[in-house]
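Student: Right, I'll just put the structure down here and ask away after.
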Ligand SMILES: Nc1ncnc2c1ncn2[C@@H]1O[C@H](COP(=O)(O)OP(=O)(O)OP(=O)(O)O)[C@@H](O)[C@H]1O
Ligand SMILES: [Mg+2]
């Protein structure tokens, strides 16, 4: 697969799905299948943008530590709860609540790194993996203990207006989700490419020891990477909490896995790859659901994971080269 | 300037340094020669804080380096050009050099030093925007040295700068090492190329399996019978 592969792949699936819808609708004598498919793609884009935000955390942490932070889904959950409480209990305006939820999640991420990963910096990867899974289970149970198992409603603190653009239905919440995701990605790109901390992150990812010899504090850089990745996951958590009007302590499990799949699909360790992987995964999912049925939603993500790992472990954008020179 | 006293360093159960003592004085070029596996790289990594020694003392300008993390050692004025160059392959030449100045807070001085590096290595100036991973071996070595100079070190640790390079390039690199030293930077040079190293240095140490077995002025080491046999090909 080359550079253009992801796009052409999505187009091919869209085409097939479009054909299926038109034929089905023609039987019913309705028509307009193409529009339905575009409607689905918009929904896929919204979901996919939240997967992308989650995937970024996985991929950045993997970049600096070669570690899959399996507690990442729980940080997303923590961010959603923080956002919910800040909006309902503290009655903060939405943007302030969003930013504060991101800060809180960033702190959770830094603590997770400090407690679960830093002491194992020189241990085997298996030990770190077990620690990651343990941390994930711990945070889920902590969430259950604090918030209880029931689902809480998360109504957007602003009016959600539905409208049509070019015959496609959408609403202000969808557009806000896309805008938040886009702003985060642009901000992250700037941070990584231009700022000193971003350069430190890239240096640590490319050669940790050489980075230390430059006077970069490797520990601080790793903590910072967790903070940023966790903040992005929190933004996704808050948006998804509102999109589904639901926040629960176990809400991080599936999106956590989806974000991981998206990161692998884009090429683990590759930042633009995680963005693309999230969007592509979101769209494939809705198309798959449209073609088959919604029971297949989660299976599709894992089928993609298996296919990528089998046929292109470096992902869509990753270079099919060894991990390190 | 740098005093190393009875340093012992382990890799797990392996004792790589078995009590090394050595001194580098202000303004000198001191070379450390020895066969593969003698522990030269381990000693430099111990000095710059990449590995913790188990025993001994390392003092630099009167300060104890023993328990400092690498970033503080760099800030104290010690820069290390590691074995195998270790440039950041995906970053440009200019970005690699900027990273060398990571701990500095004087943008004007940094810009000045970047110009100085480009004067020392005009090849790098021509390749400012090229990814470091695509440079030739010699250019990568120049970049690794230039990157270390960007920290404006008072002590420069060089680990086998001649490794894998053509004789002309080696000649060029050693010329630059002399220039850097003449400009006031003290140098500890680890080399396999004992001839070049001893011809460049003021003093030298010979290391064998984790111990210093000989130390003298570079001239006398060049004439030393045992050194000639073992390291200078007879
Ligand atoms: N990471 C490591 N883990 C275990 N043992 C190591 C490690 N690095 C080096 N050693 C061992 O320590 C000893 C000294 O190695 P070192 O790299 O310091 O030698 P050197 O003098 O630099 O050799 P060369 O000239 O080949 O670079 C060797 O026996 C080596 O096998
Ligand atoms: Mg060595």
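Student: What FRET efficiency, computed as 1/(1 + (r/R0)^6) with R0 = 56 Å and r the Cβ-Cβ distance, is obtained for residue B:171 and residue A:291, rounded to the nearest 0.05?
Tutor: Result of the calculation: an efficiency of 0.25.
Student: Sticking with this one: For the pair residue A:144 and residue A:129, how long in nm is the line joining their label points, each one 7 Å along Cα→Cβ?
Tutor: Here the answer is 2.5 nm between the modelled labels.
Student: When the chain is fully extended, how far beyond the present Cα-Cα distance does residue A:35 get from residue A:163, taking 0.36 nm per residue of separation?
Tutor: Result for the pair: 44.5 nm of gain on full extension.
Student: Over all Cα pairs of the stretch B:122-194, how is the pair count split among 10 Å bins, expressed in % and running from 0 up to the last occupied bin?
Tutor: Bins of 10 Å from zero give 18, 54, 27, 1 percent of pairs.
Student: If you bin every alpha carbon distance in chain A into 20 Å steps from zero, what whole percent lands in each bin?
Tutor: With 20 Å bins starting at 0, P(r) equals 32, 57, 11, 0.
Student: Can I ask one more? Okay, which of the stretch B:21-52 sit inside 20 Å, backbone N to the point 7 Å along the Cα-Cβ direction of residue A:121?
Tutor: B:42-52
Student: Using 1/(1 + (r/R0)^6) with R0 = 35 angstrom and r between the beta carbons of residue A:250 and residue B:131, what's the FRET efficiency to the nearest 0.05?
Tutor: For R0 = 35 Å, the calculated efficiency reads 0.20.
Student: Between residue B:66 and residue B:26, what length in nm is gained on full extension when 0.36 nm per residue of separation is reduced by their alpha carbon distance?
Tutor: 12.4 nm
Student: Only bridges with both residues in chain B count here: give the DSSP antiparallel percent, nearest 5.
Tutor: 55 percent
Student: Just the number, please: percent antiparallel of the DSSP beta bridges in the protein assembly as shown, rounded to the nearest 5. Provide the component values of the computation, followed by the final result.
Tutor: Details: 27 of 46 bridges.
Looking only at bridges with both residues in the protein assembly as shown, the antiparallel portion is about 60 percent.
Student: Using DSSP, restrict attention to beta bridges with both residues in the stretch B:148-234 and report what percent are antiparallel, rounded to the nearest 5.
Tutor: Percentage antiparallel, nearest 5: 55.
Student: If you don't mind, another one. Return the tail of the calculated pair distribution for the protein assembly as shown, meaning the percent of Cα-Cα pairs more than 42 Å apart.
Tutor: Cα-Cα pairs of the protein assembly as shown separated by over 42 Å account for 35 percent.
Student: For residue A:99 and residue A:189, what is the calculated FRET efficiency with R₀ set at 22 Å and r taken between the beta-carbons, to the nearest 0.05?
Tutor: Efficiency, rounded to the nearest 0.05: 0.70.
Student: Sticking with this one: Test of understanding: extend the Cα→C-beta vector of residue A:219 to 7 Å, then name every residue of the stretch A:176-204 with backbone N under 19 Å from that spot.
Tutor: A:200-201, A:204
Student: Taking springs between alpha-carbon atoms closer than 10 angstrom, which of A:81, A:147, A:224 fluctuates most in the Gaussian network model of chain A?
Tutor: A:147
Student: A follow-up question, please. Which whole-angstrom value gives the distance between the alpha carbon centres of the stretch A:67-135 and the stretch B:171-220?
Tutor: If you average the Cα positions of each part, the centres end up 51 Å apart.
Student: Ok, one more. How long is the stretch A:159-277 along each principal axis, judged by its Cα atoms, biggest number first, in Å?
Tutor: The Cα atoms of the stretch A:159-277 stretch 56, 33, 26 Å along their principal axes.
Here, each number is a calculation from the coordinates, and none is a lab measurement. Please read all numbers here as calculations on a predicted model, not as lab measurements. Cβ coordinates were reconstructed from backbone atoms using ideal geometry, including for glycine residues, and neighbour counts include every protein chain displayed.
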